[in-house]
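Student: Pasting a structure here, questions to come.
What follows draws every value from the coordinates through simple rules; no lab data is involved. Just so you know, these numbers come straight off a predicted model, no measurement behind them. Cβ: placed from backbone, ideal geometry, glycine included. Neighbour counts: every protein chain shown.
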Amino acid sequence: MSTIVKSELLAIIGGSGLNRLPILEGAHRQFVRTPYGEPSCPMTLGTICGQPMVFLARHGYGHTIQPDHINYRANIYALHSLGVTGIVAVGSVGSIHPSLSPGDLVIPDQMIDYTWGRASTFYGSEPGVSMHIDFTHPFSEGIRNKLLGVADLLGFNIHEGGVYACTQGPRLETAAEIRRLAGDGADVVGMTGMPEAVLARELNIPYAQLNVVANYAAGIGESVHGIEFSALGPVLETAMCKVRLMVETLVGCKVPE
Ligand code: HPA
């Protein structure tokens, strides 16, 4: 299994359930200014087993920023300006596919964007500059394979592949919306994957998602009558312990027994 090499600078973007990365040693916060405004929070810089890393809490350290209010451009630009060479984006999702249950980990390989009104490109503000980047495969195969290797090494049962649908939020979906997403081929649903992924691609930063299934999506299984989002904490907490272990292993210092 290949881990992170010394010259790489990996960033973890944490979502719901992962506002901090306590395993970072010598952690300090750095404000980064960007031409696109303020990132969600100061970047946390530190090391894991001597390997420098960056952590960014997507919703802010106090989880105060809703998915539709996140300044995705400032976040990605800030990571770029720190010289980040790869991003693992951690997020919580709802399960649409019958094989996915709360607490499961998923590394999707495709996505569908249902968001609207978000600033979703670094291009287009200058007249005459238009850019159509390739986004056929939205996630970095290199980072996906590293994550899959790590999960294998740790003996974690992880779902390889799948289609991530990004909805606008902050409300959860209706049962009919989830049926539509299922018909479109979506396996999981979240609210923050876009435009985060495409902005990373525009700045040539390899990006992959590591998703934690928090709940069955609206109208499915236990969620047939509704979703009590505030009750999802314990599931997320247990799964995020696995995510932290994966990050440690990814940087190459944690050797599983
Ligand atoms: N829908 C959208 N985003 C989510 C969900 C969901 O059911 N669960 C966690 N994030």
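Student: Place a +1 charge on the Cβ of each Lys and Arg in the chain and a -1 charge on the Cβ of each Asp and Glu, then give the dipole magnitude about the Cα centre in debye, rounded to the nearest 20.
Tutor: Using only the charged Cβ atoms, the result is roughly 560 debye.
Student: GNM, the chain, Cα, under 10 Å: largest mean-square fluctuation among 47, 136, 174?
Tutor: Most flexible of the set in this elastic network: 136.
Student: Quick one: compute a quarter of the convex hull surface over the Cα atoms of the chain and quote it in nm².
Tutor: Mean projected area of the Cα convex hull: 13.5 nm².
Student: Under a point spin-label approximation (7 Å from Cα along Cα-to-Cβ), what is the residue 7-residue 81 distance to one decimal in nm?
Tutor: Placing both labels 7 Å beyond Cα along the Cβ direction yields 2.5 nm.
Student: I would also like to ask the following. Give, as a single signed number, the net charge of other residues whose beta carbon lies under 12 Å from the beta carbon of residue 161, with Lys and Arg counted +1 and Asp and Glu -1.
Tutor: Net local charge, residue 161 excluded: -3.
Student: Eigenvalues of the Cα gyration tensor times 5, then square-rooted: what semi-axes does that give for the stretch 9-130, in whole angstrom, largest first?
Tutor: Semi-axes from the Cα gyration tensor: 23, 23, 14 Å.
Student: Can you tell which of 131, 11, 114 lies farthest toward the positive end of the dipole of the chain, using +1 and -1 charges on the Cβ of basic and acidic side chains (Lys, Arg; Asp, Glu)?
Tutor: About the Cα centre, the residue reaching furthest to the positive side is 11.
Student: If you take the beta carbon distance between residue 27 and residue 121 as r and set R0 to 35 Å, what does 1/(1 + (r/R0)^6) give as a FRET efficiency, to the nearest 0.05?
Tutor: Step by step, r from the Cβ atoms, then E = 0.65.
Student: Tally the DSSP beta bridges in the stretch 10-250 and give the antiparallel ones as a percent, rounded to 5.
Tutor: Bridges in the stretch 10-250 are about 30 percent antiparallel.
Student: Using Cα springs under 10 Å in a Gaussian network model of the chain, which residue among 133, 12, 227 shows the largest mean-square fluctuation?
Tutor: 133
Student: Turning to a different aspect of this structure: Can you work out the PRE-style zone for residue 154? Point 7 Å along Cα to Cβ, and I want the residues of the stretch 221-243 with backbone N under 12 Å.
Tutor: Under 12 Å, as judged by backbone N against the label point of residue 154, lie 238-243 of the stretch 221-243.
Student: First obtain the Kirkwood hydrodynamic radius of the stretch 122-227 from its Cα pairs, then insert it into the Stokes-Einstein equation at 20 °C and 1.002 mPa s, and state the resulting D in µm² per second as a whole number.
Tutor: In µm²/s, the coefficient is 134.
Student: Something else now. Determine ³J(HN,Hα), in whole Hz, for all residues of the stretch 223-239 in sequence, where each value follows from phi through the Karplus function 6.51 cos²θ - 1.76 cosθ + 1.60 and θ = phi - 60°; x replaces Gly and Pro.
Tutor: The phi angles translate into 8, 4, 9, x, 10, 9, 4, 5, 8, 8, x, x, 4, 5, 4, 5, 5 Hz.
Student: What's the extension gain from residue 176 to residue 203 if we count 0.36 nm per residue and subtract their Cα-Cα distance?
Tutor: Result for the pair: 6.1 nm of gain on full extension.
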